[in-house]
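Notes to accompany the following structure.
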Amino acid sequence: MFEQDLLNKFNTIPTPFYYYDVEVLKQTLQHVKAESGKYNFTVHYALKANANNEILNIIKSYNFGADCVSGNEVKKAIECGYSSEHIVFAGVGKNDAEINFALDNKIFCFNCESLQEIEVINELAFAKNKIAHIALRINPNVNANTHKYITTGLEENKFGINLWELESVVSALTDLKNIQLIGLHFHIGSQITDLSSFKSLCMRVNEIQSWFVSHKIKIENINVGGGLGVDYHEPDKNCYADFAAYFQLFSDFLELRPNQKVHFELGRAIVAQCGTLISKVLYIKKGVNTNFAILDAGMTELMRPALYQAYHKIENISKNQKLTTNNQQLKYDVVGPICESSDCFGKAVNLPETQRGDIVAIRTAGAYGEVMSSGYNLRERVKSVYSDKI
Ligand SMILES: *Cc1c(COP(=O)(O)O)cnc(C)c1O
């Protein structure tokens, strides 16, 4: 993936930085557009995966909506030109200022996670003499079979309204005059690679829909959230998630009522593969059973390995260019400079013999990478470079 002339350019740019391959992003967006378009599904991009202006502008140019989880994300989406009628706003802890901002900007829908939240939205909407459109975020108790920190649809998770609360929440809505129920919302987790989890979700949605039908409540919108996973192990071979199978599954298994619209909120599957964290090797150190390759990037730039033991493919792209058949691989613990033992990108990683100054690429880092970067240890905020501007 990284040709010699790109490597030469990388060698002239101060590291670490995120490199975004704009062509990969555009190809991904084209797949999403084509496959979701077959069924007239609406896709909202989940800003929390990557909220860079350049990335947001490219995604917006494909006419996707925006899925936001904070007031500032709503603001950012609007500033970037996403139309407010295509903004959905989820989150278990929306504060009053965030709710007011979203009300003032007439967003499409609040995805609501508790009755108390709905009551607060009702009060704030009443004060503004507005009607807030809401969807109930229902916790479907479906296992996403992914890491526990990115599982959100089980009863033990903090997200959404539990099934046994549904009856009381729905009956309370009748008294809330500044609330209009326009949909149901679900989001069971992230990095889901086993599509059968989505099939289970569809089945549960169908059951819940029948409940609403039996209560004679009309639901116009079904939002099934995001969570489609990507291949962290083989980013070149499987650069694009299987969007065809993903959207077809929902078309096959969701039982829709007349005129119902289906919404998706994809984050990771759109932006993960276009981003790579580029870093330089500072030092090589011998440990007891391993070698350490100490990079100039750390958990401050890419937190996923430290936060949830996430795997990222690591490549020494300086040496890969010169790789010969008899070039032997050594094992390295690839670590960052931060004063935490969790600041490790990979243990016992096979790399060609690695030296100070080599460029290391940490792949599939476009989602939940740069957005989670921090200034811990008073580090500089990580920079980004785009393939069409390099
Ligand atoms: C994070 C999140 C998403 C996006 O999840 P991905 O796994 O990145 O697709 C969608 N909807 C909600 C409510 C979220 O919190």
Taking the range 149-167 as the search range and keeping residues that are within 16 Å of the ligand (Cβ to nearest atom) and under 18 Å from Ile219 (Cβ atoms), which one is surrounded by the most Cβ atoms within 10 Å (Cβ to Cβ)? Gly160
Within the range 168-218, take every residue that is assigned to a helix (DSSP H, G or I) and either touching a His at 6+ places or on another chain (Cβ under 8 Å) or free of Cβ contacts under 8 Å to residues at least 12 places away in the same chain (or both) and give me the one that is surrounded by the fewest Cβ atoms within 10 Å (Cβ to Cβ). Ser214
Considering only the range 219-228, how many residues are surrounded by fewer than 23 Cβ atoms within 10 Å (Cβ to Cβ) and either closer than 30 Å to His312 by Cβ or touching a Phe, Trp or Tyr at 6+ places or on another chain (Cβ under 6 Å) (or both)? 2
Take the residues of the range 39-55 that are out of contact with any helix residue (DSSP H, G or I) (no Cβ under 7 Å at 6 or more places or on another chain) and either away from the ligand (no atom under 16 Å from the Cβ) or assigned to a helix (DSSP H, G or I) (or both): which is farthest from Tyr386 (Cα to Cα)? Asn40
Residues within the range 279-306 that are buried (at least 20 other Cβ atoms within 10 Å of the Cβ) and charged (D, E, K, R), tallied: 2
Going by the conditions given, is Gly81 assigned to a loop (DSSP other than H, G, I, E, B), crowded, with 16+ Cβ neighbours inside 10 Å and out of contact with any strand residue (DSSP E or B) (no Cβ under 7 Å at 6 or more places or on another chain)? no
Report those strands (runs of 3 or more DSSP E) wholly inside the range 325-390 carrying at least 3 residues which are within 16 Å of the ligand (Cβ to nearest atom) and at negative phi. none
Against the definition (surrounded by 20 or more Cβ atoms within 10 Å (Cβ to Cβ) and more than 16 Å from the ligand (Cβ to nearest atom)), how does Pro258 come out, yes or no? no
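Any read-out appearing in this document is the output of simple, stated calculations on the displayed coordinates, not a laboratory observation. Nothing here was measured: the structure is a model prediction, and the numbers come from that model. With ideal geometry, Cβ positions are generated from the backbone for all residues, glycine too; neighbour counts draw on all protein chains shown.
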